[in-house]
Structures are given as structure tokens and as C-alpha cells.
Amino acid sequence: MAALALFSLPLPTKTIVASYSPNPPLHGRKLRAAVIGGGPAGSSAAEALASGGVETFLFERSPSHAKPCGGAIPLCMLDEFQIPHHLIDRHVIRMKIFSPSNLAVDFGKTLRPNEFIAMLRREVLDSFLRSRAQSYGADVVSGLVTDLKVPTSPGAPYVVHYVSNNSRRELAVDVVVGADGANSRVAKSIGAGSYNCAIAFQERIRLPDEKMEYYENLAEMYLGNDVSPDFYAWVFPKCDHVAVGTGTVRSKREIKEYQRGIRERVKSKIDGGKVIKVEAHPIPEHPRPLRVRGRVALVGDAAGYVTKCSGEGIYFAAKSGRMCGEAIVRASDGGDRMIGERDLRREYLKEWDAMYVNMFRFLDLLQNVFYGSNSAREALVELCGDEYVQRMTFESYLYKKLADGNRWEDAKMLVNSIGSLMRCKIIGERMEVLNL
């Protein structure tokens, strides 16, 4: 969610410049790529590959499946990825953040008239992106990838083993893009290493009309040990229902207990609602130790591109997929040459890390500071009431670019942050004593 993208570092942009690879040419055919996973990361990679001249196969195990997700995307993504506005379920212009003691802060005070947070259903967005990749020439394969055979000699193909229509099949390709989520089979096949995963759990609840009207353009976030020991809970509006959910890394086995916690917090607002779908899914907490090996690259959740604090992953999934696809196109001269690991590291991984690695590290630090205790969460909510903090957050989140800040205001924000943490720590300690 936008609110906890607070203090994001600038995200520089880079113009794509064609590079001319010394790699050997392919005679009589184009470079052949398999993209495993048809979410925003895989579909964006497949679109970039197919439109750039690479023979592309996009594998999706279950086109009707949708990952549990808040569904919030930044404003800039609509233009950057040409997302049609008719796909948007809700234009969120009101946001509230609730502290552990249930104090509420209006986080939308500094939104400009033309600004909003777009809420989409993942099944709608994913279907659109897959169809667009297909329109550019990607061959969409409905099937479950069961294994990826890694070649033992340079230049030999990778072999994708998959099941489609109850038949076991295989496909030989030159390069593989792993976009198959947190439990990536592609990552396991190349020994990419493990990482910590959070569990996201949510219920889609259809509310009576008068209660749905309350959430027409409002999103809510809830902080506290009762709803998550290390993340936050949410109520996000969708087309005809709300998504009520939570997530945690530390206490995954207790996820249903935390779900009961958020339901209790919003009980009066969702009474009379009907649960229409229950969803749970692992969410990566940090990038994998290894994201490129040989002619295989990982993108999206498979690579671990989900930000701390906010849990934002859709934009970074699509962005990493597109960057990876464009990198392969550049390195292969439009699909006419073979590529290697060095190309993927230079053209994709190096560029991605230059743009985003510091931001991911910084948000990791912020989560450790503000999500460690209820007193720290109280301090965070207090800070979110500051209009300068809100404006800088929106500039960073909505546009993914350098926010034009004010040094004096930045200094005041730092002082206020320290003051809030100290004050809320003292209050929290007093509350703990009273509860003994």
C-alpha cells in the first residue's frame, strides 16, 4: 500500500540504448525463449521478447487463477504499461491508517485532484497482460511446468517439461525467464537459493450496498500485534466486494488468528457481508541470493522483488519482466544471436540493481524500525498524519521518481520521527505496566 512506501529513495530512469553483441549469430531461426509464469512479470517479459523479434513461449498453469493481492498499482503504471482505465475497479482517493490503539489518520489529504490509487483484480489485470503479449506474437501455453532440464554443455538447449491437457510434453529453448512466483520451480532448477516468505491471507467479502458505499473510494490499513506481528492488515475495495486480509513472516502458522483479528477490528463495517472467496499465497521478503545463472533469469516474485513495509509487488514484477525481456532483445540483436550469462547480468541484473537495490534495502530498514513493536507502529501512524510526509510518499509511490523535497522539511521529518519513536516507546511501556 502507498502509505508505507514512506521515504522511498529516488528511482532513476534510463533510456534503452541498443547494444551490439559479439555473440554468435543464429542461422535460419530466431532465438527461442520460454517464459514460465503468466502473471504481470511473465506477461511483460513475453510481450517485450515477442515484440522484439524473439520466438516466445509463455507458460501459464492456470489462466483463471489469481494470486491473493491487494491489487493496488501506482498511477505511473497506467501510462507506462498502457493499462486501460476500464480495467480499474476503484479509484481510491481516501486512505486511513489505524494504529494498534485504533487511532485513525487520514492519509489522503495531499492527493491532487487528478491523483488516485488504482485498484484492480489480479485475474483481470493478468488476463489483459497475457492477451497483449499474445497479440505481439507470444505463444501462450496452458500447462504446468514440472521440470527444467539444464544443459551440461555450452550452447545446448534448456528443456522445459510440462503437462498440458493431461499429456506430458517438452520444449527445447535457448533462454528461460522464471516468472513462476515465490515457489519457483525455475529458481530451484538453477540452484538460486532460498529466501524468507511471508504468507498473505485474504477473504473477498461482498457487503450490503449501504456498507459497500462506505468503501466506494476508501482503502484502510491496520497495524498491531492483533492483526500481524510484522506487517499490516488491509481492507481494499474491489468491483463489488472488499478484500480483507493480512500477512506475516514470523508467525505464518497463526495467519488465521490474525485474520480473525482484522475481522474483529472491522466487524461493524463488514457485518452482513458474505465471503465469496478465500485465498492464501507466499510472498517473498527479499531478493534471492542468485537471480541469473547460465541463460536463465528470474523476475517478479521468483526473484524476490517485493518491497518491505508496503508489500508492493505488482509494479516491480511488471517492470522487472519488461527490463529482462528488453535486455534479452538487446543482447541478441533482436533475436538474431545467441546470448549468455554475461549478457543477462550486464543488460538486466546490473541495470535492475542500479535502479532499485538501495530502495529495497532502505525499506527493509524502515520495516525493522517501525514494525518491531506496537509502540513503533503508533509512532509510524503519528508520522503519517504529517502532510509533508504524505506528499513525499505519494510523489515516490505514484510516480516512481525523485520527489522534489525540501531540506528543512526533511530535517524536521527526521526530528519528528525520532521524537515519535521515543514518545510512543514511553507510552507503550506505561501501557504494558498497566496491563500487568
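The table below lists the values:
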quantity	calculated
Sequence of 315, 348, 388 once ranked by neighbouring C-beta atoms within 10 Å, starting from the fewest	388, 315, 348
Cα-based shape type of the chain, given that a ≥ b ≥ c are square roots of the gyration tensor eigenvalues and the cut on a/c is 1.5	prolate
Order of 124, 145 - criterion: other Cβ atoms within 10 Å of each residue's Cβ, fewest first	124, 145
Cβ-based net charge around residue 147, under 15 Å, with every Lys or Arg adding one and every Asp or Glu removing one	+4
Angle in degrees between helix 387-399 and the longest Cα principal axis of the chain, rounded to the nearest 10	20 degrees
Mean separation of Cα contacts under 8 Å, 6 or more apart, over the residue count of segment 60-157: relative contact order %	38 percent
Taking only Cα atoms of segment 325-402, radius of gyration then Dmax in Å	19.3, 58
On Cα atoms only, tilt of 350-370 relative to the major axis of the chain in degrees	20 degrees
The chain: relative contact order in percent, alpha carbon pairs under 8 Å with at least 6 residues between	25 percent
Gyration tensor (alpha-carbon) shape descriptor, segment 59-142, a/c threshold 1.5	oblate
Considering only the chain, percent of DSSP beta bridges that pair antiparallel, nearest 5	70 percent
Sorted by Cβ neighbour density within 10 Å, fewest at the top, the residues 392, 359	359, 392
The chain - mean residue ellipticity at 222 nm from DSSP helices (-39,500 (n - 2.57) per run, n ≥ 4, rounded to 500)	-11000 deg cm²/dmol
Restricting segment 161-252 to GluC sites (Glu not before Pro) in coil, as DSSP defines it, with at most 13 other Cβ within 10 Å	216
Shape category assigned to segment 102-194 from the gyration tensor of Cα positions, a/c cut at 1.5	prolate
Rounded tilt (10° steps) of 122-135 against the dominant C-alpha axis of the chain	20 degrees
Phi-based couplings in Hz for segment 233-239 (Karplus 6.51, -1.76, 1.60; Gly and Pro marked x)	10, 9, 10, 10, x, 10, 4
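Each value in this text was obtained by applying a stated rule to the coordinates, not by laboratory testing. Predicted model, so just to flag it, every value in this text is computed and none were measured. Glycine also receives a Cβ, built like all others from the backbone with ideal geometry; neighbour counts cover every protein chain displayed.
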